[in-house]
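Rule-based calculations on the coordinates, nothing more; no lab input. Just so we're clear, the structure is a prediction, and the values are computed from it rather than from any experiment. Note that we place each Cβ from the backbone using ideal geometry, even for glycine, and neighbour counts take in every protein chain shown.
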Amino acid sequence: MESTRNDPVVIVGAGLAGLTVALHLAAQRPVVVLAKRGVHEAATAWAQGGIVGVLGHDDSIESHVRDTQDAGAGLVDEAAARFIAERSAEAIEWLVAQGVPFSPDPQGPLGLHLTREGGHAVRRIAHAADATGKAIHEALLEQVRRHPSIELRERWMAVDLITSRHLKRDEPPRCYGVYALDIERGRVDTLPAAAVVLATGGVGKVYRYTSNPDTATGDGIAMAWRAGCRVGNMEFIQFHPTCLYHPQERSFLITEALRGEGAHLKLPDGTRFMPAHDARAELAPRDIVARAIDFEMKKHGLDHVWLDATHLDAGFLKEHFPTIYARCLSLGIDITRQPIPVVPAAHYTCGGIVTDLNGRTDLPGLYAVGESTYTGLHGANRLASNSLLECVVLGRTTAQHIQAHARMEVAALPPWDESQVEDADEQVVIAHNWDELRLLMWNYVGIVRTTRRLERALHRIQLLRSEIDDYYSNFRVTRDLLELRNLVECAELIVRSALMRHESRGLHFSRDFPRTLPVSFPTILTRPAGRRWADSPPGCGL
Ligand SMILES: Cc1cc2nc3c(=O)[nH]c(=O)nc-3n(C[C@H](O)[C@H](O)[C@H](O)COP(=O)(O)OP(=O)(O)OC[C@H]3O[C@@H](n4cnc5c(N)ncnc54)[C@H](O)[C@@H]3O)c2cc1C
């Protein structure tokens, strides 16, 4: 297949990161945006709290950088934090211009109401009631749908990147496009691209309990890794302390603002347990609260604990937490009268594909933005509401860089080769391995880790990998198989990163290394050359 001067920029992912890049690029170039499920399925649409904007008279860039560094426990790249903080006001103004209906306050900066969240010294969170992500996502989707240069393809899943290795010529390393599965037709197409942007979100689905949508299977991280890019800080997975525990609703988050307003965490007998763990009780940082809940659940053999807001004013709860009130009520829980069953859940992937502040990865022609990346902003722990901001600020710089540098030369790309594969005869292997992987990650690589458990996990992961690679080599690809393949890749990256960190810091807590070392560095993994786990299995057009 010939690639031409008119090749679009292919953006893999239709969350905030992908849509931001698309909207900034579309005036100059054709853009194709892929979303592997329905377009509304993205972490972006689920964000509740809000997005940082350094806007208030009492606020400053320094203050935001300091809060980001404090949360990041010594591993925040100060230059990245400052770069992003300095562009936060511009980011909020851009979102307002796209039509995002932020909660207003006539007295507030830009006419917006700013709220405050844990870890922030001042009020600096712009929000749309308690459904900020949905408001942002819908506004941007509307703009994208109206734009004649943007083609939005739902249920198209990127399988792998097309790189110089596929060309079988002595080309310098570069990304030329993607192989993508059109899920409805069950066919893999070759998509040549002037540049590819990975905006695929995090990898929360690798854990049994997660606040993330089904899309969060680390596809971009796995694809970039397979293509030879470095990944960083994968051991730092943020667990949200309070996800609703309910058989019909596995991923609904109960915002920490509820604890901020005075809700208490309790054992089944009604005892509050947080004061015994930290002087700040329920207002302690997320990682401390998540660890305390994990400790109490393991100690008492519980499936969940309770979050009790029944002592707060019912009218206040309904007005300030309308989404949580309605969702819980639909499941038979009236939060004004009953405690909420909650469990910690994998929430945010702090690490990912190593990029610079223009979204550039190690592979020319390949960019990455959003939760799939490691930029240095989050360090060992993410400060609340910094992630949406990172998507908007770096989405823009990435678009600018692509605009200035995307390649123009022509390359012939090989089609996807499925001559050696057949339709899978049974799906049970995939379903079983999904469950096994997620449970194993929850039990062995969760909130509290030990070296022995991590080693056991690595061993099991390697067995799973070889089964999955075997399956991938012999059968036609499906979304479930591709996601499982990516999850197991990311699981291994998480475990290997965790094994390399001989200390406890931020979100990584090891019983064998409980101390925080005086000096520490990010964990950067480089793909080892010529080793089995680094090889691409057949069936991917190589
Ligand atoms: C419940 C919840 C609440 C949150 N609250 C906040 C908050 O208040 N403030 C804040 O700053 N952050 C919050 N976050 C984090 C924030 O929402 C995310 O970090 C951010 O939205 C990530 O945006 P993204 O564009 O990188 O990824 P996403 O929004 O997850 O989008 C990923 C996109 O990639 C697509 N995709 C993935 N793989 C493929 C593939 N192989 N092929 C094609 N498409 C693919 C998906 O279909 C999807 O369209 C929250 C997260 C959750 C889960």
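The peptide list 344-350, 283-289, put in order of mean Cβ contacts within 10 Å with the highest first, becomes 344-350, 283-289. Note on the stretch 74-137: semi-axes of the ellipsoid equivalent to its C-alpha gyration tensor, largest first and rounded to whole Å, are 22, 14, 12. Taken over the stretch 26-119, the ratio of Cα radius of gyration to 2.2 N^0.38 Å equals 1.30.
The charge dipole of the stretch 1-108, taken about its Cα centre with unit charges on the Cβ of Lys, Arg, Asp and Glu (plus for the first two, minus for the last two), comes to roughly 600 debye.
Expressed in nm to one decimal, what extension gain is obtained for the pair residue 421 and residue 154 from 0.36 nm per residue of sequence separation less their Cα-Cα distance?
Numbers: separation 267, 0.36 × 267 = 96.12 nm, distance 2.56 nm.
Value of the extension gain: 93.6 nm.
The stretch between residue 338 and residue 78, if pulled fully straight at 0.36 nm per residue, gains 89.2 nm over its current Cα-Cα span.
Between residue 331 and residue 459, the simple label model (points 7 Å from Cα in the Cβ direction) yields a spacing of 3.6 nm. With R₀ set to 51 Å, the beta-carbon distance separating residue 500 from residue 319 gives a calculated FRET efficiency near 0.60.
Classify the stretch 362-519 as rounded, prolate or oblate, taking a ≥ b ≥ c as the square roots of the eigenvalues of its Cα gyration tensor: rounded when a/c is under 1.5, otherwise prolate if a/b is larger than b/c and oblate if not. Oblate is the answer for the stretch 362-519, as a/c is 1.5 or above yet b/c matches or exceeds a/b.
Residues 252, 102 in ascending order of nearby Cβ atoms (within 10 Å, fewest first): 252, 102.
What is the gain in length, in nm to one decimal, between residue 400 and residue 146 on full extension, counting 0.36 nm per residue of separation less the C-alpha to C-alpha distance? Walk me through the numbers before you get to the answer.
Numbers: separation 254, 0.36 × 254 = 91.44 nm, distance 2.13 nm.
Length gained between residue 400 and residue 146: 89.3 nm.
Overall, the ratio between the Cα radius of gyration of the chain and 2.2 N^0.38 Å, rounded to two decimals, is 0.94. Annotation: amide H-H contacts under 5 Å for residue 475 (H modelled 1.01 Å from N, sequence separation of 5 or more, or interchain): 422. For the chain, adding -39500 (n - 2.57) for each run of n ≥ 4 DSSP H residues and dividing by the number of residues yields -11000 deg cm²/dmol at 222 nm.
Tell me which DSSP H helices of the chain clear both cut-offs, 27 Å or more of axial length from alpha-carbon atoms and a mean Kyte-Doolittle hydropathy of at least -1.0. Result, helices passing both filters: 386-405, 479-500. Net charge dipole, the chain: roughly 780 debye, given to the nearest 20, about the Cα centre with Cβ charges of +1 for Lys and Arg and -1 for Asp and Glu.
Given the chain, what percent of its DSSP beta bridges are antiparallel, to the nearest 5? Display every interim value, and only then the final one.
On the way: 40 of 61 bridges.
Approximately 65 percent, going by the DSSP bridge assignments.
In terms of the mean number of neighbouring beta-carbon atoms within 10 Å, the peptides 153-165, 291-303 order highest first as 153-165, 291-303. Using a simple spin-label model with pseudo-atoms 7 Å out from Cα toward Cβ, residue 86 and residue 283 lie 3.4 nm apart.
Within a 10 angstrom radius of the beta carbon, how do 236, 316, 273 rank from fewest other beta carbons to most?
Fewest-to-most Cβ neighbours within 10 Å comes out as 316, 273, 236.
Mean projection of the Cα convex hull over all viewing directions, computed for the stretch 239-346: 6.2 nm². With the simple model of a label 7 Å out from the Cα in the direction of the Cβ, residue 524 to residue 105 spans 4.1 nm.
Neighbour counts of other Cβ atoms within 10 Å put 423, 219 in the fewest-to-most order 423, 219. Name all residues of the stretch 311-333 having a backbone nitrogen under 15 Å from the label point set 7 Å from the Cα of residue 272 along its Cα→Cβ direction, giving them as ranges. Residues passing the 15 Å test: 311-313. Dipole magnitude for the stretch 239-346: about 140 debye, using +1 per Lys or Arg Cβ and -1 per Asp or Glu Cβ, origin at the Cα centre.
Pairs spanning more than 30 Å between alpha-carbon atoms, out of 205/299; 134/298; 134/318; 36/299; 36/134: 134/298; 36/299.
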